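Student: This is the structure I have questions about; it appears just below.
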Amino acid sequence: MSQTNSNIKERIKLKEPRRYQVIFFNDDVTTMDFVIEVLTTVFHKAYQEAEELMMKVHLNGSAVVGVYSYDIALTKTTNASEMAHKAGFPLRIEMQAE
């Protein structure tokens with residue numbers, strides 16, 4: 001007895017890829033304007049949203065600025081960290097699995 005593809009039922013379980021939060025941490029050196037610049041340039045946030053996120057970081061000590069797949073979170077974290085380093089700011093940015 002042969003089976004054809006139409007007779008075979010397969011269950012494919014697809015999992016959503018793990019998501020990663022990108023978190024900015026407040027410090028006493030990095031300027032608010034620079035944080036907004038990073039958020040608009042690297043994270044493609046609208047100015048208003050970037051300003052709101054910057055204030056969350058400033059007032060709360062940290063804030064999640066985005067949630068992405070691993071590769072995108074890593075790329076954005078790396079690019080933002082390099083941008084801060086080149087500008088002479090100690091902006092701390094981390095990735096954390098959800």
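Student: Among residues belonging to the stretch 12-59 that are out of contact with any Asp or Glu (no Cβ under 7 Å at 6 or more places or on another chain) and among the polar types (S, T, N, Q), point out the one that is least open to solvent (accessible area, probe 1.4 Å).
Tutor: Among residues in the stretch 12-59 that are out of contact with any Asp or Glu (no Cβ under 7 Å at 6 or more places or on another chain) and among the polar types (S, T, N, Q), the one least open to solvent (accessible area, probe 1.4 Å) is THR30.
Student: Something else: Taking the stretch 65-98, which residues are over 22 Å from ARG18 (Cα atoms) and touching a helix residue (DSSP H, G or I) at 6+ places or on another chain (Cβ under 8 Å)?
Tutor: Hits for the stretch 65-98 are MET83, ALA84, ALA87, PHE89, PRO90, LEU91.
Student: Additional query: Do we have any residue at all in the stretch 69-91 that's exposed (fewer than 13 other Cβ atoms within 10 Å of the Cβ), of a type in the set (A, V, I, L, M) and without any contact (Cβ under 8 Å) to a residue 40 or more places away in the chain?
Tutor: Among the residues of the stretch 69-91, not one is exposed (fewer than 13 other Cβ atoms within 10 Å of the Cβ), of a type in the set (A, V, I, L, M) and without any contact (Cβ under 8 Å) to a residue 40 or more places away in the chain, which makes the answer no.
Student: From (1) under 23 Å from ARG18 (Cα atoms); (2) of a type in the set (Gly, Ala, Ser); (3) open to solvent by less than 40 Å² (accessible area, probe 1.4 Å), pick out the condition that doesn't hold for SER62.
Tutor: Answer for SER62: the failing condition is (3).
Student: What pairs come out if I take residues in the stretch 29-42 that are farther than 20 Å from THR78 by Cβ and pair them with residues that are at pLDDT 95 or above and open to solvent by 60 Å² or more (accessible area, probe 1.4 Å) whose C-beta lies under 6 Å away, six or more apart or interchain?
Tutor: VAL29/PRO90
The values are calculated or read from the model by the stated rules, or taken from the named source; none is laboratory data. Predicted model, so just to flag it, every value in this text is computed and none were measured. With ideal geometry, Cβ positions are generated from the backbone for all residues, glycine too; neighbour counts draw on all protein chains shown. Calculation scope for accessible area: heavy atoms of the full protein, side chains included, ligands and nucleic acids excluded. Shrake-Rupley method; radii C 1.70, N 1.55, O 1.52, S 1.80 Å.
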